[in-house]
Amino acid sequence: MDCPDCGHDRTSVVDTRTGEDGTTVRRRRECKRCSFRFTTYERPEWETLQVKKRDGRIEPFDREKLRGGIERAVEKRPVDDDAVESLIEDVERELAGRETRIVSSSLVGELASERLRELDSVAYIRFVSVYKAFSDPEEFLDELDTILDDRLDETVDGSGPTDNDFPDG
Ligand SMILES: [Zn+2]
């Protein structure tokens, strides 16, 4: 690479660092002629969205795979195909809006579960129990508690008694 300052074609690398996500390399270079220092970044160019899995492997985003996971979660639940389809579209749109072409599998799971949660809490619990692969039962129970609390709040906000139902004295 030519020096951006003087145009000389010989530069040396003085420092190399791998980015946090492990997919970019940042190099500090120095011109051999004028000693101008500059930084270059090296990253793979993905044509399609890539998903980095928990074990570090990277594979193309697979919409059908996501659909499979969602469909298993909503089985025998009152969630129709249209809702599943638009959920997947929402997730894809969200992912497409990211600056990077590589996302973690947990982000995909997170986005899908957020939307699934609004549709059906049973389907949501089924889904997160698979994608989060809870390592300890406590975590799973915490997640359940959160859901149950939410439902309780809805009941209170909706048809539950209010202060007006119990006038003072
Ligand atoms: Zn130079």
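A few remarks follow.
- When the residues of region 44-80 are filtered to those that are in contact with a Ser or Thr (Cβ under 6 Å, 6 or more places away or on another chain) and either free of Cβ contacts under 8 Å to residues at least 24 places away in the same chain or β-branched (Val, Ile, Thr) (or both), the one that is nearest to Glu110 (Cα to Cα) is Val51.
- Out of Ser35, Ser113, Ser86, one residue alone is free of Cβ contacts under 8 Å to residues at least 12 places away in the same chain, assigned to a helix (DSSP H, G or I) and either among the hydroxyl-bearing types (Ser, Thr, Tyr) or touching a Gly at 6+ places or on another chain (Cβ under 7 Å) (or both). It is Ser86.
- Lone qualifier among Glu59, Glu71 - being away from the ligand (no atom under 16 Å from the Cβ) and loosely packed, with under 13 Cβ neighbours inside 10 Å: Glu59
Conditions tested, residue by residue: (1) closer than 18 Å to Val79 by Cα; (2) at pLDDT 70 or above.
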residue	(1), (2)
Val108	no, yes
Ser113	yes, yes
Asp120	yes, yes
Glu139	no, yes
Asp150	no, yes
Glu154	no, no
Asn164	no, no
Pro167	no, no
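- Residue in region 3-16 that is surrounded by 10 or more Cβ atoms within 10 Å (Cβ to Cβ) and under 30 Å from Ser105 (Cα atoms) present: yes
- Of all the listed residues (Lys32, Lys53), the sole one being touching a His at 6+ places or on another chain (Cβ under 9 Å) and either away from the ligand (no atom under 16 Å from the Cβ) or outside the structural domain of Leu107 (by TED's automatic domain parsing) (or both) is Lys32.
- Of the set (1) more than 9 Å from the ligand (Cβ to nearest atom); (2) touching a strand residue (DSSP E or B) at 6+ places or on another chain (Cβ under 8 Å); (3) assigned to a loop (DSSP other than H, G, I, E, B), all apply to Arg26 but (3).
The values are calculated or read from the model by the stated rules, or taken from the named source; none is laboratory data. Everything quoted here is computed from the prediction, not taken from an experiment. Backbone-built Cβ (ideal geometry, glycine too); neighbour counts: all protein chains shown.
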